[in-house]
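Heads up: the structure comes next, in structure tokens.
Any read-out appearing in this document is the output of simple, stated calculations on the displayed coordinates, not a laboratory observation. Please read these numbers as outputs of a predicted model, since none were measured by experiment. All Cβ positions, even for glycine, are placed from backbone atoms using ideal geometry, and neighbour counts span all protein chains on display.
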């Protein structure tokens, strides 16, 4: 059994990749907090519905007749980075990075990362229990 084939493992893997990328973007925001004209950025929110939709063969309908619709689901290649359109405040030099806001987002990302890794560990322990190992 391949561990990245079951849908839960691939969803957890995608969530962890998104959280790691978000942490990078937020760190870049903090590093550029004194750069004139720098606009704070964040990743487009990763939705559970999109994660499930991107599961390739496990959720794709099989077309047994040529006239059946196959459904054109697309796979996400890269996470979309977007610039915050409405910052809470902007400094006179045009920089829109607010350190308190960025630190709150980093904390939120850390909490989500711990939750996701706990879900991953619980699922692994359930699999171990199912095959008779503890």
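Listing for the model above:
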{"quantity": "Residue 127/residue 16 FRET efficiency (R0 25 Å; Cβ-Cβ; nearest 0.05)", "calculated": "0.90"}
{"quantity": "Separation of the residue 28 and residue 99 label points, Cα + 7 Å toward Cβ, nm", "calculated": "2.2 nm"}
